[in-house]
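To start, the structure under review is shown below, and the notes come after it.
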Amino acid sequence: MAPKVWLNGKLVPRDEAKISVFDHGLLYGDGVFEGIRSYGGKIFRLQEHVRRLFDSARGIRLSIPMTPREVADAIEATRRANGLEDAYFRVVVTRGIGTLGLDPGRCREPQVFIICDRIELYPPAICANGLEIITAATMRTPPNAVSPRLKSLNYLNNILAKIEATDAGVLEAVMLNHLGYVSECTGDNLFIVRDGVLSTPPVSAGILKGITRDSVIEIAGRFGIQVREENLTRLDLYIADECFLTGTAAEVVPVVRIDKRLIGSGKPGPMTKRLGEEFHRLARE
Ligand code: PMP
């Protein structure tokens, strides 16, 4: 089946899915997006993702020319048109065509498109044995600038940290916030385990409120694991028993080395495994 992209209400072949060079999404990163996944034909936490998309849009005063229901239906229609059961979706809303000036008021027609594809963020061996990460020197955008809660098209902050990771020969980097506390990785949230307690930075630390993060907190609650949303320092990471990342594409990925320091035993920990397996089961349910 030839891959199709949903573009402003139509399913079009991939190479016909085009956006203008005058689109403010391209000129200024003025737009919002979501990354969503389906397992066995069922889209995971679809309502939550659609809601976050509308919240992000509202946050930048971008009005999506569709209802949440229509967006959800369009994602499902894109999945069917591509014939994929296990898929990754990129839903993007741009401000649309405007002038070369910044004024978003000149952009009359927001553009909406949905890409459906397969995704493998990290090689399976790394997921099994654990990831090595570094702390980036690039600070996370402060929450009172462009809030990291907005899933906007402006990902340069994350890209700069990702370049640092690549330069260091690793796949991910954790960013600290303007206060020096841990925020999140370039495309994933971060958790640690110490003495059986699960901790993760609060939303106020300047993070995207990940939907996988929420699911893991929920699962931990069901397992009777104590969960704390609290500020973490780099030292907290270094002396943790376990560390893992969460994200739609990554799911639950163990971290075994940070800034060359071994975390815990240097192997994926038992709580990481337990939560990862349960997340896997829940997503495929
Ligand atoms: N933080 C950032 C910066 C992200 O881009 C993402 C999504 N890739 C996440 C965290 C994880 O969010 P979610 O679990 O909703 O995919």
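Assorted remarks:
- The residue list Leu121, Leu62 contains one member that is touching a strand residue (DSSP E or B) at 6+ places or on another chain (Cβ under 9 Å) and open to solvent by 70 Å² or more (accessible area, probe 1.4 Å), which is Leu121.
- Residue list for region 232-251, restricted to those being assigned to a loop (DSSP other than H, G, I, E, B) and either within 16 Å of the ligand (Cβ to nearest atom) or of a type in the set (S, T, N, Q) (or both): Leu232, Thr233, Thr248, Ala249, Ala250
Condition check ((1) surrounded by fewer than 24 Cβ atoms within 10 Å (Cβ to Cβ); (2) more than 17 Å from the chain's Cα centre (by Cα); (3) small (Gly, Ala, Ser)) across all residues:
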| residue | (1), (2), (3) |
| --- | --- |
| Ser183 | no, no, yes |
| Ser199 | yes, yes, yes |
| Ile207 | no, no, no |
| Arg222 | yes, yes, no |
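- Residue in region 229-238 that is free of Cβ contacts under 8 Å to residues at least 12 places away in the same chain and either closer than 26 Å to Arg140 by Cα or not polar (S, T, N, Q) (or both) present: yes
Yes/no matrix, rows are residues, columns are (1) away from the ligand (no atom under 15 Å from the Cβ); (2) open to solvent by 10 Å² or more (accessible area, probe 1.4 Å):
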residue	(1), (2)
Ala165	no, no
Gly169	yes, yes
Val174	no, no
Gly180	yes, yes
Asp188	no, no
Val203	no, yes
Ile211	no, yes
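- Residue match in region 40-51 (condition: away from the ligand (no atom under 16 Å from the Cβ), buried (at least 18 other Cβ atoms within 10 Å of the Cβ) and charged (D, E, K, R)): no
- Matching residues, region 155-178, being in contact with a helix residue (DSSP H, G or I) (Cβ under 8 Å, 6 or more places away or on another chain) and either part of a loop (DSSP other than H, G, I, E, B) or closer than 21 Å to Gly29 by Cβ (or both): Leu171, Ala173, Met175, Asn177
The values are calculated or read from the model by the stated rules, or taken from the named source; none is laboratory data. Predicted model, so just to flag it, every value in this text is computed and none were measured. Positions of Cβ are backbone-derived with ideal geometry, glycine not excepted, and every protein chain shown enters the neighbour counts. Note: accessible area is taken over every heavy atom of the protein model, side chains too, but ligands, DNA and RNA are not part of it. Shrake-Rupley method; radii C 1.70, N 1.55, O 1.52, S 1.80 Å.
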